[in-house]
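A short worksheet on the structure shown next.
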Ligand SMILES: Cc1cc2nc3c(=O)[nH]c(=O)nc-3n(C[C@H](O)[C@H](O)[C@H](O)COP(=O)(O)OP(=O)(O)OC[C@H]3O[C@@H](n4cnc5c(N)ncnc54)[C@H](O)[C@@H]3O)c2cc1C
């Protein structure tokens, strides 16, 4: 794309943020995202300072027929935050968070990360459900649904939204809430970045912590079938204050993991108990009774829990994800899943089986655009590796993991866990009825599909 220099000059004169172009010292850093496989070269990165910058960038792109993408935290596995030869409307420096403890709300700018949000809200002993890695953007995560350690208790991130300020495809700034632009408010709670650029999110906050009981337990993978069977029974009837997932990982050399497990395949569980700290061990007892050789069970600040897994998924590695929902953990898949986990080609990869349900399942099916609230488990195989020569083997590992859980897969997929898997998988995330409703909303708010560098809803239905 060649940008009209005169037009760019006019745009730049009103732009308060930073404009970055090929050749600039910060260009390569500014175009890189979490997934190291993504190597796109935008013609312009418009690092916005405020909502007016965002609106100006949208109008500039529209007026000059330039392809645009939108960047929040840059964590989309499919790399949707950056585009080739177009303009990246980058909110990554818009990270302010303001808390109103009396109103029990927090307002965060569209480029904030969960680390920013948690730090600000926890200063008042408050929190809302958000991602489990502190560098993930609140924007992409919330607009696609968003789960974390507090989700079984308080619902998805999108369920805790009170309002969103959005720059629409025509550059207009609107608010969507239960009282204003209600159709849009329905769509942004699960429909991703299809309808506009969120410049500000207002969330409900809840008293949490400051201490929670956090736990990471690890066993050698050979004990996988036994652990998965106990996990299956344990999570069937859980208090909602417990967030929990089972994970297949390669045991890292952490002090609480015995040396003979280091760098070997393991099965692990992560837990966050946000009820009274003293009750937590009792609740976790069925898993603690399995004598995990690696165990860390500690009262810790909620903010520490929220960054405990940061080291598992640092930015820059190559990555491919294959996700779905499971209706159960039947005996017929347990052996094959453990066997598949043992053959992992990269020590950085992992697969997770998250206990779903709780408050998420209590929100009505049609209340938000988010689909698949009923499934008991969320599943994701996350390949992470270094070096392009490993691409085929590592992509295949994630895909084959999906095949290994095949007989337990149920309808749908979490839209935020999609790789670049095409239109049919986006439709699968919503199901035909919701997709049709989202498509008519898209046709109303973005008929030309200006916002298309995302898990795209086709305005044509
Ligand atoms: C390490 C890691 C940990 C994760 N953990 C969790 C987790 O615990 N829970 C969970 O639910 N998900 C998790 N995810 C998935 C996450 O929800 C998605 O990757 C999400 O898209 C990240 O949002 P982002 O703003 O960081 O991403 P980006 O790549 O910046 O954006 C993702 C999509 O949202 C659009 N977008 C970004 N900002 C805006 C905005 N302000 N307005 C409108 N559209 C926008 C982008 O255009 C793009 O299409 C994780 C991902 C990673 C890589």
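The values are calculated or read from the model by the stated rules, or taken from the named source; none is laboratory data. Source: prediction; values computed, not measured. All Cβ positions, even for glycine, are placed from backbone atoms using ideal geometry, and neighbour counts span all protein chains on display.
Numbers for the structure displayed
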quantity	calculated
Every residue from the range 137-181 that is away from the ligand (no atom under 14 Å from the Cβ) and either assigned to a helix (DSSP H, G or I) or crowded, with 24+ Cβ neighbours inside 10 Å (or both)	153
Residue tally, condition touching a strand residue (DSSP E or B) at 6+ places or on another chain (Cβ under 6 Å) and over 28 Å from residue 376 (Cβ atoms), over the range 398-457	1
Residues within the range 18-71 that are more than 24 Å from the chain's Cα centre (by Cα), farther than 30 Å from residue 394 by Cα and part of a helix (DSSP H, G or I), tallied	11
Test: residue in the range 1-18 that is touching a helix residue (DSSP H, G or I) at 6+ places or on another chain (Cβ under 6 Å), touching a residue at least 60 places away in the same chain (Cβ under 8 Å) and surrounded by 20 or more Cβ atoms within 10 Å (Cβ to Cβ)	yes
Number of positions in the range 112-130 that are within 25 Å of residue 197 (Cβ to Cβ) and touching a strand residue (DSSP E or B) at 6+ places or on another chain (Cβ under 7 Å)	8
Residues of the range 398-425 that turn out to be away from the ligand (no atom under 16 Å from the Cβ) and either assigned to a loop (DSSP other than H, G, I, E, B) or outside the structural domain of residue 372 (by TED's automatic domain parsing) (or both), as a count	3
Residues that are closer than 22 Å to residue 382 by Cα and out of contact with any helix residue (DSSP H, G or I) (no Cβ under 8 Å at 6 or more places or on another chain), drawn from the range 228-252	232, 245, 247, 250
Looking only at the range 64-75, and only at residues there that are touching a helix residue (DSSP H, G or I) at 6+ places or on another chain (Cβ under 6 Å) and within 7 Å of the ligand (Cβ to nearest atom), the one that is nearest to residue 109 (Cα to Cα)	72
Among the candidates 263, 256, residue that is within 24 Å of residue 398 (Cβ to Cβ), touching a residue at least 24 places away in the same chain (Cβ under 8 Å) and either assigned by TED's automatic domain parsing to the domain that holds residue 130 or in contact with a strand residue (DSSP E or B) (Cβ under 8 Å, 6 or more places away or on another chain) (or both)	263
Residues satisfying the stated conditions in the range 426-451, i.e. without any contact (Cβ under 8 Å) to a residue 24 or more places away in the chain and within 15 Å of the ligand (Cβ to nearest atom)	449
All strands (runs of 3 or more DSSP E) inside the range 86-127 with 3 or more residues being within 12 Å of the ligand (Cβ to nearest atom) and either within 20 Å of the chain's Cα centre (by Cα) or closer than 16 Å to residue 70 by Cβ (or both)	87-90
Residue list for the range 284-322, restricted to those being surrounded by fewer than 19 Cβ atoms within 10 Å (Cβ to Cβ), at pLDDT 95 or above and part of a helix (DSSP H, G or I)	285, 286, 288, 304, 310
Residue match in the range 328-345 (condition: within 12 Å of the ligand (Cβ to nearest atom) and touching a strand residue (DSSP E or B) at 6+ places or on another chain (Cβ under 6 Å))	no
Test: residue in the range 184-200 that is more than 17 Å from residue 113 (Cα to Cα), in contact with a helix residue (DSSP H, G or I) (Cβ under 6 Å, 6 or more places away or on another chain) and surrounded by fewer than 24 Cβ atoms within 10 Å (Cβ to Cβ)	no
Within the range 132-157, tally of residues that are under 18 Å from residue 71 (Cβ atoms) and either without any contact (Cβ under 8 Å) to a residue 60 or more places away in the chain or touching a strand residue (DSSP E or B) at 6+ places or on another chain (Cβ under 7 Å) (or both)	8
Enumeration of residues in the range 348-365 that are more than 13 Å from residue 381 (Cα to Cα) and assigned to a loop (DSSP other than H, G, I, E, B)	356, 357, 358, 363, 364, 365
Hits in the range 240-253 (condition: surrounded by 14 or more Cβ atoms within 10 Å (Cβ to Cβ) and either outside the structural domain of residue 291 (by TED's automatic domain parsing) or outside any strand (DSSP E or B) (or both))	240, 241, 251, 252
